[in-house]
Amino acid sequence: MLINHTSKQVTAKIVYYGTGLGGKTTNLQYIYSVTNPRTRGELICMETEIERTLFFDLLPINVGLVKGYETRFQLYTVPGQVFYDSTRKLVLKGADGIVFVADSQELMVQANHESLENLKENLVSYNQRIEDIPLVFQYNKRDLKNIASVEKLNGSLNPQGRPYFEAVARNGLGVIETLREISSLTLVRVKELLAHSAHTPKNVAVHFDIHPGQQMVNLDNLAMKKVSVEQMTASEAGQDVLTPAPVAAGKAAAPASEAGAHPVKPEGKSLGDLLSAMGDPSRITRIEKIAGADGRLIVEIKDGSGRPIRSLDIPLHPETKKVNIILDVKS
């Protein structure tokens, strides 16, 4: 959960998890298609060879201010294939609520179970338990033949009796109902964190500005910004996702010439390495000094007390005309 005390805004993260091709992307595709453009953010896509990972912001219309803070939700999907587990863990980091999208087909029962076990393992890597996080199950593809019964799916996946919905994501059946339930459960968590109290009412109902008559738009026809894994890493650090050159919190953007030259990163370091080396980005307050000499850009960053936090020495292209520097400031 990202809390910006300056803008008085809370961003709660909801992740759609499940097997490959189970309907996670279709859920977000439908939600994005039928929600009011004024209440949703830009659609961001990280594309793999097999499956797209999507995310965008969505504002509720009936929540109002929570302890003086505006609340918005950020919806994510994860790749379903096991060989993208590192990406799944990246997307899952900081999740405040989870929708587990299960493929209802009989032949997918075991795959659903394995995906749920993978979710539990990845949560443990962040010192979280699945029992402690808002969770809603969606049993998708209920329009197909040879599907497992709801009783069988609940017995295999949901013995704790978490909320569940039957769905046909490709035509929107059960999609918005699932979203409202997980958003409501997650909002309770937001209120508890802001109020530092465990006595928050549990009957919170979240609604979104939906146009039910709107048909789902083909994914390839939706305007979306494409990012890389490194750029998503930067986004997970709490900063805006930029293209084509990713920017880590408190760092100079990798420069590119007006002729479209490829960005240059310091030799031997990936963007993830640079991001990790920054430590806690919430300590960064200001860029104290910027200087350029001998084809290099020198940036000094200090905190509010004037103590040096980091000095960056970034090589530039000879043809570089412009460099953008973004300083991400948190509480």
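Tabulated results
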{"item": "Selection count, region 63-74, where residues are over 21 Å from the mean Cα position of the chain (by Cα) and part of a strand (DSSP E or B)", "result": "2"}
{"item": "Region 22-47 - residue that is part of a strand (DSSP E or B) and of a type outside the set (Lys, Arg) and, of those, surrounded by the fewest Cβ atoms within 10 Å (Cβ to Cβ)", "result": "47"}
{"item": "Residue in region 143-155 that is small (Gly, Ala, Ser), in contact with a Leu (Cβ under 8 Å, 6 or more places away or on another chain) and either surrounded by fewer than 16 Cβ atoms within 10 Å (Cβ to Cβ) or not in a loop (DSSP other than H, G, I, E, B) (or both) present", "result": "no"}
{"item": "Matching residues, region 92-134, being touching a residue at least 40 places away in the same chain (Cβ under 8 Å), among the aliphatic types (A, V, I, L, M) and within 23 Å of residue 170 (Cα to Cα)", "result": "98, 99, 101, 102, 108, 109, 111, 116"}
{"item": "Criterion: in contact (Cβ under 8 Å) with a residue 40 or more places away in the chain, assigned to a loop (DSSP other than H, G, I, E, B), closer than 18 Å to residue 178 by Cβ and not charged (D, E, K, R) - qualifying residue of 79, 60", "result": "60"}
{"item": "Residue that is modelled with the lowest pLDDT, among those in region 90-108 that are more than 22 Å from residue 131 (Cβ to Cβ) and part of a helix (DSSP H, G or I)", "result": "90"}
{"item": "In region 6-21, residue surrounded by the most Cβ atoms within 10 Å (Cβ to Cβ) [restricted to those that are in contact with a Phe, Trp or Tyr (Cβ under 6 Å, 6 or more places away or on another chain) and either within 19 Å of residue 121 (Cα to Cα) or outside the structural domain of residue 121 (by TED's automatic domain parsing) (or both)]", "result": "18"}
{"item": "Condition check for residue 180: surrounded by fewer than 20 Cβ atoms within 10 Å (Cβ to Cβ), at pLDDT 95 or above and assigned by TED's automatic domain parsing to the domain that holds residue 100", "result": "yes"}
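The values are calculated or read from the model by the stated rules, or taken from the named source; none is laboratory data. Quick caveat, the model's predicted, so the values are computed rather than measured. Backbone-built Cβ (ideal geometry, glycine too); neighbour counts: all protein chains shown.
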